[in-house]
Number of protein chains: 2
Amino acid sequence: MPKFDAAGLLSAIVQHAETGEILMFAFMDREALDKTRETGLAHFHSRSRGRLWMKGESSGHVLRVQQVLVDCDQDALVVEALPEGPACHTGARSCFYRALEGDELRRID
Amino acid sequence: MPKFDAAGLLSAIVQHAETGEILMFAFMDREALDKTRETGLAHFHSRSRGRLWMKGESSGHVLRVQQVLVDCDQDALVVEALPEGPACHTGARSCFYRALEGDELRRID
């Protein structure tokens, strides 16, 4: 089963369950993983705010989880989800909307 | 530009540049990111060994980097790459070869 690190966290990569696009990256603690599995909606642990949060709790842009994959050393997850609305708080479809090119970031969405 | 955390690290998600499959997850420090960009081959920072490593340095299963994406808060990367051989040290195509189902892990590859 998943192994939480010294800070009690797992790395969680959210991937669109149909298109394969990587939507966002965040951390889960035990509580966030349990809530995600109980409700089917992605929950995370905010390191800066030190609390549980549900993606979409204020925006309504929830992530409906279809499947959770675990990596070989069991400290990282892929959360396959169907997003309701943009995944990024900026309004972008994905948080990964820029490419690193030379010394610049270029928008790709 | 990318922002390294208090430990000097970025989270790096490796995604197959053609299929979109998520292949592995690791960390990069400044040195690893610079080496990756200089050589076109993915390099990471091993937290357990405290050193730079190139994916494939012993197995030959290198990752040829096509593009690097940066997330909204600039502390996570998607490394789009073409793998030479399996990405996982277990021989699996991806490190994420199991799904979490109830209290079990089921192989999906």
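The values are calculated or read from the model by the stated rules, or taken from the named source; none is laboratory data. Nothing here was measured: the structure is a model prediction, and the numbers come from that model. Reconstructed Cβ throughout: ideal geometry from the backbone, glycine too, with neighbour counts over all protein chains shown. Quick note on the areas: whole protein, heavy atoms, side chains included, nothing else; ligands and nucleic acids left out. Shrake-Rupley method; radii C 1.70, N 1.55, O 1.52, S 1.80 Å.
Could you please find all residues in the range B:23-72 being β-branched (Val, Ile, Thr) and open to solvent by less than 10 Å² (accessible area, probe 1.4 Å)?
B:36, B:70
List pairs: first residue in the range B:46-73 and in contact (Cβ under 8 Å) with a residue 40 or more places away in the chain and under 15 Å from residue B:9 (Cβ atoms), second residue among the charged types (D, E, K, R) and outside any loop (DSSP other than H, G, I, E, B) anywhere in the structure, Cβ distance under 8 angstrom, at least six positions apart or on different chains.
From the range B:46-73, the pairs are B:70/A:98.
Please indicate, with yes or no, whether at least one residue in the range B:36-47 is within 10 Å of chain A (Cβ to nearest Cβ), more than 12 Å from the chain's Cα centre (by Cα) and modelled with pLDDT under 95.
Scanning the range B:36-47 turns up at least one residue that is within 10 Å of chain A (Cβ to nearest Cβ), more than 12 Å from the chain's Cα centre (by Cα) and modelled with pLDDT under 95.
Which condition number does residue A:89 fail, the rest of (1) open to solvent by less than 40 Å² (accessible area, probe 1.4 Å); (2) of a type outside the set (Asp, Glu); (3) at negative phi being met?
So the condition that residue A:89 fails would be (1).
Within the range A:73-86, work out how many residues are surrounded by 15 or more Cβ atoms within 10 Å (Cβ to Cβ) and within 23 Å of residue A:6 (Cβ to Cβ). So that I can check it myself, show each step before the final result.
Let us first name the residues in the range A:73-86 that are surrounded by 15 or more Cβ atoms within 10 Å (Cβ to Cβ), namely A:74-81, A:83-84, A:86.
This time we only want the ones that are within 23 Å of residue A:6 (Cβ to Cβ), so: A:74-79.
Matching residues across the range A:73-86 total 6.
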